[in-house]
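Colleague: Quick one: the structure is below, questions incoming.
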C-alpha cells in the first residue's frame, strides 16, 4: 500500500474525531463546571452494556436493535443519575462511580462465556475509529448538529433532566464510534485545557486541543502501528499539558478569573 493510500484511511477517522469533538467540547466544559467529571465514563459504560445485551440476544452489531438497546440503556442511566442528583446531591460523584463499576461488571459477566468477549470488550473501550466510513458518519453528524443547536439555543431551558438526556444520547453515539476511553478524553481533556483561559477563548482552546490531539494520535498510530484509540488519548493529554504550560505564561487578559465552586444547573 502506497503512502497516499495509507494516509487516506485516516480521513474518515479524523472526520469522526471532529464530529465527536463538536459536541463533546462544550458538553465537557459543562460537566467540568458541575463537578461531575465521571458522568461520561458511567453513561458510556452503560451504553456499552446496552450494546452487549443486544449482542447476547443475537442482534446484528450494526443493526437498529443495538442502537435502540444502547440508547435505552444510556437514557435509563441518565434518568437514574437525574434522580440521584436530586435525592443525594452530596454523594452524586460517588454514585456515578458506582454506576460505572456496576455496568462494567455486568458486562464482564455477560461476556464471560463468549469466545470473542475479550475482543468485544476491547472494541468498546478503545474503539475502532480506523474502521469508520464517511457514509456511516453522515447520520451521526446530522444528529450532532441538531444536538449542538439545541444546546446553544436552549441551554438555559434544558434543566437538569434535559442536560442528562441530551448528554446520554450524544455519548451513546460517540462510544460506538471511538470507544469509552476516547469519549472520556474528548469530554474532559479539552475542558481542562481551556479552564485557565478567559470564557471568550474557552471553546476555541478546547477545540484546538481536541483537533491537535486527534490529528497527532492518528498520525502517530499510522506510523508506529500502535493502537489508535489509546494513542489518541495519550496525544490529547499531551496537547493539554502543552496548553496548560502556555496558560501559565499567557497575558492576564487571556486568562480566566480564579474558579469558584462547581455550578449545578437546575
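Read the figures in this text as sums done on the coordinates, not as results from a lab. For clarity, every value in this text was computed on a predicted model and none was experimentally measured. Here Cβ is always computed from backbone atoms with ideal geometry, including for glycine, and neighbour counts include all displayed protein chains.
Colleague: Viscosity 0.692 mPa s, temperature 37 °C: what is the translational diffusion coefficient of the stretch 119-222 from Stokes-Einstein with a Kirkwood Rh over Cα pairs, rounded to a whole number of µm²/s?
Modeller: Numbers: Rh = 15.2 Å.
So the translational diffusion coefficient is about 216 µm²/s.
Colleague: Another one. Quick check on the exposure proxy: order 140, 129 from fewest to most C-beta atoms within 10 angstrom.
Modeller: Working: 140 19, 129 24.
Starting with the residue having the fewest Cβ neighbours, the order is 140, 129.
Colleague: Another question about this same structure. With no solvent and one point per C-alpha, what does the Debye sum give as log10 I(q)/I(0) for the stretch 139-194 at q = 0.20 Å⁻¹?
Modeller: Cα-only, vacuum Debye calculation for the stretch 139-194: -0.84.
Colleague: Okay, next question. When the helices in the chain are scored as -39500 (n - 2.57) per DSSP H run of 4 or longer and the sum is shared across all residues, what 222 nm value do you end up with, to the nearest 500 deg cm²/dmol?
Modeller: On the way: 10 runs with 211 residues, N = 266.
Here the helix-only value at 222 nm equals -27500 deg cm²/dmol.
Colleague: Based on other C-beta atoms within 10 Å, arrange 207, 214, 144, 131 from fewest to most.
Modeller: With the fewest neighbours first, 207, 214, 144, 131 line up as 131, 207, 144, 214.
Colleague: Can I ask one more? Once you put a point 7 Å from the Cα of residue 112 and another 7 Å from the Cα of residue 94, both along the Cβ direction, what distance in nm separates them?
Modeller: With each label point 7 Å from Cα toward Cβ, the separation is 2.8 nm.
Colleague: Which order do the peptides 154-166, 34-46, 222-234 take when ranked by the mean count of other beta-carbon atoms within 10 Å per residue, highest first?
Modeller: On the way: 154-166: 15.2, 34-46: 24.0, 222-234: 17.6.
In descending order of packing, they fall as 34-46, 222-234, 154-166.
Colleague: So what is the diffusion coefficient of the stretch 3-254 in µm² per second by Stokes-Einstein at 10 °C and 1.306 mPa s, using a Kirkwood Rh over Cα pairs?
Modeller: 86 µm²/s
Colleague: Express in nm, to one decimal, how much length is gained between residue 224 and residue 146 on full extension, taking 0.36 nm for each residue of separation and deducting their alpha carbon distance.
Modeller: Once the chain is fully extended between residue 224 and residue 146, it gains 24.4 nm.
Colleague: Of 107, 93, how do they rank once you tally other Cβ atoms within 10 Å and put the fewest first?
Modeller: 93, 107
Colleague: What ratio of Cα Rg to 2.2 N^0.38 Å holds for the stretch 2-54?
Modeller: Relative to the rule-of-thumb radius for its length, the stretch 2-54 sits at 1.59.
Colleague: With a 10 Å radius around each residue's Cβ, average the other Cβ atoms per peptide and rank 81-91, 173-183, highest first.
Modeller: In descending order of packing, they fall as 173-183, 81-91.
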